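The next block holds one structure in the form of structure tokens; read it before the comments.
Bear in mind that the values in this text are calculations on the coordinates, not laboratory data. Remember, predicted model here, so these are calculated numbers, not experimental data. Here Cβ is always computed from backbone atoms with ideal geometry, including for glycine, and neighbour counts include all displayed protein chains.
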Amino acid sequence: MSCTLRVRWTLTANRFPRPWRTCSRCGVQRAFACSGKFRLNANGRRLDAWLVYKCVICDDTWNHTLFERRNTRDLHPELLSALEANDPALVGRFAFDVASLRRVAHRIEEFAGSVAHKEMLLDRPDTPERLEIGLSMAIPIAIRLDRLLAAELGLSRARIGAMMEAGHIITTAALNRPARDGCRVEIDLSVEEADVILREAGG
Ligand SMILES: [Zn+2]
């Protein structure tokens, strides 16, 4: 019987990233918050689409271009109806597209995600020797792997780093990079904090 306890953490983002741009009304750099709404403009068969942002101070609008003069026949009907309905899932897909926001903003303010759900996979071994955490996230989240582990396991980042150096933590991704979907973290449960780790990890 395997002595590895497997858990899965499902992460969600709690806030949309905020691009910083010069607000034409404020006259200085401001954070712009996603309004959750699209703006569409049809010209014959050609369609423009924007995601609407608002200056957090004065509410002035900035439209983030999603596409311009796209022939409506080339657009999937489901995409068109999702745009017209301000579908939250589609809003999220564009609002979390940090790479595309980066091209039009001076900087992007990203917010840490949080673990929404922890579940045990398979049966719990009587005396688990290793813990394997699999990360699952539908959209990229801007939290470093070591920060995530420290926050969720109730340990300091220094301790996480030390455990990594001692070979008690093995990861498929760098600790100082954002956590990614499909990333795995294996923790050797011979460490003194094993009970805390097991409890906090959802085991
Ligand atoms: Zn403003």
Practice prompt. Average the reciprocal distances over every distinct pair of alpha-carbons in the stretch 18-109, invert the result, and give the Kirkwood radius in Å.
Written response: 13.7
Worksheet item: What GluC sites (Glu not before Pro) in the stretch 125-156 are in a loop by DSSP, with at most 15 other Cβ atoms within 10 Å of the Cβ?
Response: Glu129
Worksheet item: Arg46 versus Ala166, label points 7 Å from Cα toward the beta carbon: distance in nm?
Response: 6.5
Discussion item. Please arrange Leu131, Leu101 by how many other C-beta atoms lie within 10 Å of their C-beta, fewest to most.
Written reply: Leu131, Leu101
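Could you tell me the calculated FRET efficiency between Thr22 and Leu80, based on Cβ-Cβ distance and R0 = 25 angstrom, to the nearest 0.05?
Details: r = 32 Å, r/R0 = 1.29.
Calculated transfer efficiency: 0.20.
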Discussion item. Under the 0.36 nm per residue contour assumption, what length would be gained going from the current alpha-carbon distance of Glu129 and Asp97 to full extension?
Written reply: 7.6 nm
Worksheet item: For the chain, what does -39500 (n - 2.57) per DSSP helix run (n ≥ 4), summed and divided by total residues, give at 222 nm, in deg cm²/dmol to the nearest 500?
Response: -6000 deg cm²/dmol
Discussion item. Can you compute the radius of gyration and Dmax for the stretch 119-203, using only the Cα atoms, both in Å?
Written reply: 12.3, 35
Item to complete: Could you work out the longest stretch of the chain that avoids the trypsin sites (Lys or Arg not before Pro) located in DSSP loops with at most 15 other Cβ atoms within 10 Å?
Response: 104-179
Worksheet item: Based on Cα positions only, what radius of gyration and what Dmax would you give for the chain, in angstroms?
Response: 21.6, 68
